[in-house]
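The values are calculated or read from the model by the stated rules, or taken from the named source; none is laboratory data. Values in this document were obtained by computation on a predicted structure and should not be read as measured data. Note that we place each Cβ from the backbone using ideal geometry, even for glycine, and neighbour counts take in every protein chain shown. Note: areas computed on protein heavy atoms with side chains; ligands, DNA, RNA excluded. Shrake-Rupley method; radii C 1.70, N 1.55, O 1.52, S 1.80 Å.
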Amino acid sequence: MDNIQAIKQRFGIIGHSPQLQHALKTAIQVAATDLSVLVLGQSGVGKESFSKIIHQLSNRKHNNFIAINCGALPESTINSELFGHTKGAFTGAVNERKGYFETVNGGTIFLDEIGEMPLDTQTYLLRVLEQGEFVKVGSSQVEKTDVRIVAATNVNLLERIEQGKFREDLYYRLSTVVIQVPELHKRGDDVLLLFRKFVSDFADQYHTPMVRLTEEAEDILLRYPWPGNIRELRNVAKRAALFSEDKTITAEQLLEFLPQLGQKQRHLPLPHKEANDSSQGFYEREILFKFLYEMKQDLNDVKQLIAELVQTNNLQMPRPMPKGHSMQGYLPLPSPNSDNYSSSYSENTFNEEPSSEEGPIILNKDYHNQEQDRERYNEVEELEESLSMEQMERELIERALKKHRGKRKDAAQELGISERTLYRKIKLHDIQS
């Protein structure tokens with residue numbers, strides 16, 4: 001662990017998430033070998049930093065290191081850039097040129113966006129990996145090279161293999177060791193550590209006061225999915241430091257000059273501005289919205305169950321009751337031969353022929369219990385009226401904690417709030433977890 005911490009300080013790596021720690025540990029272990037490495041991760045997660053760590057901790061650290069973006073090199077010249085060309089090999093080749101595999105001999109080449117490499121170039125690269133040989137464009141002479149290759153991609157190479165855009169044999173040669181760099185939104189509180197580092201660097205560079213975030217503003221950063229990962233967070237931190245007039249940035253201020261944070265929340269809606277609204281009310285609304293959403297799902301399940309019962313028993317649903325009519329006229333009547341039949345039902349009631357559009361209406365075979373049903377309905381109404389926001393909030397938190405067996409981190413993720421907010425709610429409602 002001490003070794004990993006020293007490496008993070010040396011290379012400016014910020015964060016303590018388990019996924020990041022595992023990726024760094026793998027890079028340190030493989031650095032002393034000459035094995036090829038494939039670094040996977042979304043754009044902006046810092047894949048190139050891992051290639052530099054591998055090179056600087058290897059026996060090649062005193063030799064050259066070069067990073068090449070395969071997606072940025074034109075298909076017509078990529079072979080020449082990597083392997084060189086002879087004089088007259090193609091139009092414009094007025095002189096012989098050395099490629100990177102010749103100039104970086106003995107060092108490390110980082111091939112970023114390897115999934116964008118053309119198929120014929122992949123064939124050249126496979127020969128380098130298997131035999132340590134290459135041929136310049138326009139030449140027939142085989143040349144040797146001793147280069148360690150670290151490749152990286154943000155695409156699924158297995159899918160590109162199925163599409164015929166990437167060689168399967170090259171994939172297995174490159175992926176001797178695979179390092180998965182985690183996305184920023186999966187790194188938890190690392191987001192806040194990185195934000196502080198970026199605003200601190202900005203303050204030092206431009207001699208301005210260092211800005212800080214309120215707890216609610218930090219929660220917004222923690223919920224945002226960060227599609228651009230660390231690169232996007234760095235830009236957000238710079239804009240926050242530049243445009244903020246106060247040293248402390250509130251959630252409302254953060255959303256004012258960084259509106260994209262309010263457009264891609266991962267879980268629940270952000271608060272809108274109201275006259276006497278506060279950040280505290282924001283979290284209550286979050287949990288309330290989630291509670292109501294689950295109630296809606298339960299209601300949909302009930303509707304589906306009723307529909308299945310109607311279809312299974314060949315029943316007909318009642319038509320909507322017209323306004324101004326009582327429910328009594330839409331309830332089923334007992335059979336004249338049944339024990340529940342009473343003379344209180346007039347002959348006119350039975351002489352009325354039902355409309356052809358209505359058909360039989362079956363609501364409850366035990367309709368003599370309708371008084372009990374009415375009482376239950378009144379009880380439900382009273383319960384709904386007494387169910388306050390705080391009660392719903394408490395119930396939802398208890399349900400989430402019970403579901404995840406008291407694991408607050410998982411419960412917070414289920415609720416769509418930060419762990420810090422969950423701790424505060426547990427203490428507020430005196431919930432035993």
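Taking region 141-155 as the search range and keeping residues that are within 18 Å of Val37 (Cβ to Cβ) and of a type in the set (S, T, N, Q), which one is least open to solvent (accessible area, probe 1.4 Å)? So that I can check it myself, show each step before the final result.
Keep residues of region 141-155 that are within 18 Å of Val37 (Cβ to Cβ), which gives 145-155.
With of a type in the set (S, T, N, Q) added as a condition, the list becomes 145, 153-154.
Details: Thr145: 19, Thr153: 4, Asn154: 80 Å².
Filtering first and then ranking leaves Thr153.
Residue check: is Leu125 under 37 Å from the mean Cα position of the chain (by Cα), in a helix (DSSP H, G or I) and either at pLDDT below 95 or buried (at least 19 other Cβ atoms within 10 Å of the Cβ) (or both)?
Numbers: under 37 Å from the mean Cα position of the chain (by Cα): yes; in a helix (DSSP H, G or I): yes; either at pLDDT below 95 or buried (at least 19 other Cβ atoms within 10 Å of the Cβ) (or both): yes.
Criteria met by Leu125.
At least 3 residues that are at pLDDT 90 or above and open to solvent by less than 10 Å² (accessible area, probe 1.4 Å) in each: list the helices (runs of 4 or more DSSP H) lying fully within region 158-255 that qualify. If you could, list the steps in order and put the result at the bottom.
Details: elements: 168-174, 190-206, 215-223, 229-243.
It comes to 190-206, 215-223, 229-243.
When only residues in region 8-28 that are assigned to a loop (DSSP other than H, G, I, E, B) and surrounded by fewer than 16 Cβ atoms within 10 Å (Cβ to Cβ) count, which is farthest from the chain's Cα centre (by Cα)?
Looking only at region 8-28, we keep the residues that are assigned to a loop (DSSP other than H, G, I, E, B), and these are 12-17.
Going one step further and asking which of them are surrounded by fewer than 16 Cβ atoms within 10 Å (Cβ to Cβ), we end up with 12, 16.
Values: Gly12: 25, His16: 19 Å.
Of everything passing the filter in region 8-28, Gly12 is farthest from the chain's Cα centre (by Cα).
Given the structure, is Gly106 open to solvent by 10 Å² or more (accessible area, probe 1.4 Å) and either outside any strand (DSSP E or B) or closer than 28 Å to Asn156 by Cβ (or both)? Before you say what the answer is, go through the steps one by one.
Numbers: open to solvent by 10 Å² or more (accessible area, probe 1.4 Å): yes; either outside any strand (DSSP E or B) or closer than 28 Å to Asn156 by Cβ (or both): yes.
The answer is yes for Gly106.
Looking at Ile54, is it in contact with a strand residue (DSSP E or B) (Cβ under 9 Å, 6 or more places away or on another chain), of a type in the set (A, V, I, L, M) and crowded, with 19+ Cβ neighbours inside 10 Å?
Criteria met by Ile54.
Kindly check whether there is at least one residue in region 68-75 that is within 18 Å of Leu129 (Cβ to Cβ), under 32 Å from the mean Cα position of the chain (by Cα) and open to solvent by less than 60 Å² (accessible area, probe 1.4 Å).
Initial filter on region 68-75 (within 18 Å of Leu129 (Cβ to Cβ)): 68, 70.
Within this subset, residues satisfying the condition of being under 32 Å from the mean Cα position of the chain (by Cα) are 68, 70.
Next cut, open to solvent by less than 60 Å² (accessible area, probe 1.4 Å) only: 68, 70.
Yes, region 68-75 contains at least one residue that is within 18 Å of Leu129 (Cβ to Cβ), under 32 Å from the mean Cα position of the chain (by Cα) and open to solvent by less than 60 Å² (accessible area, probe 1.4 Å).
Within region 394-410, count every residue that is surrounded by 14 or more Cβ atoms within 10 Å (Cβ to Cβ) and more than 22 Å from Ser17 (Cα to Cα).
Here the count works out to 8.
Return the total of residues in region 228-244 being in contact (Cβ under 8 Å) with a residue 60 or more places away in the chain and in contact with an Asp or Glu (Cβ under 9 Å, 6 or more places away or on another chain).
First pass over region 228-244, keeping only residues in contact (Cβ under 8 Å) with a residue 60 or more places away in the chain: 228-232.
Keeping just the survivors that are in contact with an Asp or Glu (Cβ under 9 Å, 6 or more places away or on another chain) gives 229.
The total comes to 1.
Tell me yes or no: at least one residue of region 259-279 is open to solvent by less than 20 Å² (accessible area, probe 1.4 Å), of a type outside the set (Asp, Glu) and either in contact with a strand residue (DSSP E or B) (Cβ under 8 Å, 6 or more places away or on another chain) or at pLDDT 90 or above (or both). It would help to see each step written out before you state the result.
At the first step, the residues of region 259-279 found to be open to solvent by less than 20 Å² (accessible area, probe 1.4 Å) are 261.
Filter once more, keeping what is of a type outside the set (Asp, Glu): 261.
Now drop any that are not either in contact with a strand residue (DSSP E or B) (Cβ under 8 Å, 6 or more places away or on another chain) or at pLDDT 90 or above (or both), which leaves none.
Checked region 259-279: no residue is open to solvent by less than 20 Å² (accessible area, probe 1.4 Å), of a type outside the set (Asp, Glu) and either in contact with a strand residue (DSSP E or B) (Cβ under 8 Å, 6 or more places away or on another chain) or at pLDDT 90 or above (or both).
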